[in-house]
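Single-structure report; data block below.
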Amino acid sequence: MDECLSRGVAMRRVLAGKGCEARLVIGVTLPFAAHCWVQLGSAVLTDPLDVVTPYTPILVA
């Protein structure tokens, strides 16, 4: 089971605790699949870039 959401939330909380304004991004693709990752500016922190590229962001928090 992919745990991208729980890993992303945890990483964002740790970074926020250190004063870092990273964002949790949730993206989707068709046929339907969803994934989330953490970004700092344009840098993806939790996944290789080729993993997140196919997804269209629908929520940035």
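Results for (1) at pLDDT below 95; (2) among the β-branched types (V, I, T), shown as yes or no for each residue.
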position: M1; (1), (2): yes, no
position: A22; (1), (2): no, no
position: V25; (1), (2): no, yes
position: W37; (1), (2): no, no
position: A43; (1), (2): no, no
position: D50; (1), (2): no, no
position: P54; (1), (2): no, no
position: A61; (1), (2): yes, no
Checklist outcome for this item: If we take the chain, then strands (runs of 3 or more DSSP E) inside it with 2 or more residues that are among the acidic types (D, E), touching a Gly at 6+ places or on another chain (Cβ under 6 Å) and surrounded by fewer than 12 Cβ atoms within 10 Å (Cβ to Cβ) are none
Next on the checklist: Give all pairs with beta carbons closer than 6 Å in which a residue from segment 40-61 that is among the basic types (K, R) meets a residue that is outside any helix (DSSP H, G or I); count only pairs at least 6 apart in sequence or on separate chains.
Outcome noted: none
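The values are calculated or read from the model by the stated rules, or taken from the named source; none is laboratory data. Since we're looking at a predicted model, the values are computed, not measured. Neighbour counts run over all protein chains shown; Cβ positions are idealised from the backbone, glycine included.
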